[in-house]
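Read-outs: derived from the displayed coordinates by stated rules, not from any lab. Just so we're clear, the structure is a prediction, and the values are computed from it rather than from any experiment. Please note: Cβ atoms are built from the backbone with ideal geometry, for glycine as well, and neighbour counts cover all protein chains shown.
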Amino acid sequence: MKIGVLVFPGSNCDHDCQHVFADILGQQVDMIWHKQTSVSGHDAIIVPGGFSYGDYLRTGAIARFSPVMNAVKEFAQNGGLVMGICNGFQILLEAGLLPGAMLRNRSLHFVCKDVHVRVENAATPFTGGCSPGQVLKIPIAHAEGNYYTDPVTLAALQANAQVVFRYCTPEGKVTAEANPNGSLDNIAGIRNAEGNVVGMMPHPERSAEELLGNADGRLIFTSMLESLKKRPLSMVGAG
Amino acid sequence: MKAKIHVTLKQGILDPQGKAIEHALDSLGFKNAANVRVGKYMELEVNEADKAKAEAQVKSMCEKLLANTIIEEYRYELQ
């Protein structure tokens, strides 16, 4: 598979994503500078974490206007797999590819620690290798991960199984104490209605190999590759 | 024409910064301070003499970039 990893000024998890796909999973990876106007020829696009444009104005607010984002929108509209991690999730929200917005963490602190998330929907291209309700330990590192949306959109997310991950205890219980940032409904990750775009605050690329003591995050990436293998040929390289 | 723009979190949306400041004011003895809301203030020049046209542009700027209307509201003055 050919994976494209976007690079904005201030991205800092781009090379971690490249490492996971290229060195651990043996895939071809292209780093795509934000000024490029096409992402065609790729099977999936990763919008990585970091501090694009220094988080000026709002997280992700400037990056969404980078030329490459028009290409990513087109890629997503054609059914291409797009995954946003942390700042990448924030960018997808600002770009309108996913619903909602991020507020400052309830604690006001930048929170950097391992958390547990429960797989609420194991039937997405990003979680197909997980079992429903499986608990994954994945680190978070953010100051604006307090997911918010209006009640109507929240109800639609819940009704359409668009909530993909919820913060939970190690045993898989979704509790207020297990919520690290005040996120609405303990939401850690969501997908779009079509199911081909996902955003998550935890960093699976930081927990994708045993050498680092935790390989739970690798399931997300192997799920993506498995789902891409099953796609009809016409979908490959969409957009 | 100069635009002065204020962007704040909508009423009803938790403002953790505002809450922290409110607690700090309280511990300083300002017991009457309540409902602290933190926002952003921006100034910009619009190269447009017609006030209605300038206003339309500033409104569009707010809607498209300066505010995230899911969580924020904005107001502006033109001089």
| said: Condition (residue is crowded, with 19+ Cβ neighbours inside 10 Å, away from chain B (no Cβ under 14 Å) and either in contact (Cβ under 8 Å) with a residue 24 or more places away in the chain or over 19 Å from A:Ala215 (Cα atoms) (or both)) applied to the range A:143-161: is it met by at least one residue? | reply: no
| said: Please go through the range B:41-58 and give me each residue that is aliphatic (A, V, I, L, M) and surrounded by 10 or more Cβ atoms within 10 Å (Cβ to Cβ), ordered by number. | reply: B:Met42, B:Leu44, B:Val46, B:Ala54, B:Ala56, B:Val58
| task | Output the residues belonging to the range A:24-54 that are surrounded by fewer than 18 Cβ atoms within 10 Å (Cβ to Cβ) and either without any contact (Cβ under 8 Å) to a residue 24 or more places away in the chain or of a type in the set (Gly, Ala, Ser) (or both). | result | A:Gly26, A:Ser38, A:Ser40, A:Gly41, A:Gly54
| Selection count, the range A:55-83, where residues are surrounded by fewer than 19 Cβ atoms within 10 Å (Cβ to Cβ) and among the hydroxyl-bearing types (Ser, Thr, Tyr) | 1
| message | Return the residues of the range A:106-120 that are under 15 Å from A:Met200 (Cα atoms) and in a loop (DSSP other than H, G, I, E, B); say none if nothing qualifies. | response | A:Glu120
| Restricting the range B:31-58 to residues that are in a helix (DSSP H, G or I) and free of Cβ contacts under 8 Å to residues at least 12 places away in the same chain, the residue that is nearest to the other protein chains (Cβ to nearest Cβ) | B:Gln57
| field | Among the candidates A:Pro99, A:Pro9, residue that is under 30 Å from B:Leu14 (Cβ atoms) and part of a loop (DSSP other than H, G, I, E, B) | value | A:Pro99
| request: Would you please list the contacts, defined by Cβ atoms under 8 Å and residues six or more apart or on different chains, that run from a residue in the range B:7-18 that is more than 8 Å from chain A (Cβ to nearest Cβ) to a residue that is surrounded by 15 or more Cβ atoms within 10 Å (Cβ to Cβ) and of a type in the set (Phe, Trp, Tyr)? | output: B:Val7/B:Tyr74; B:Thr8/B:Tyr74
| remark: Cβ pairs under 6 Å, 6+ apart or interchain, first in the range A:1-16 and closer than 14 Å to A:Val72 by Cβ, second of a type in the set (Asp, Glu), ordered by first then second residue, are A:Gly4/A:Asp30; A:Val5/A:Asp14; A:Val7/A:Asp14
| Take the residues of the range B:19-30 that are outside any loop (DSSP other than H, G, I, E, B) and away from chain A (no Cβ under 12 Å): which is farthest from the chain's Cα centre (by Cα)? | B:Ser27
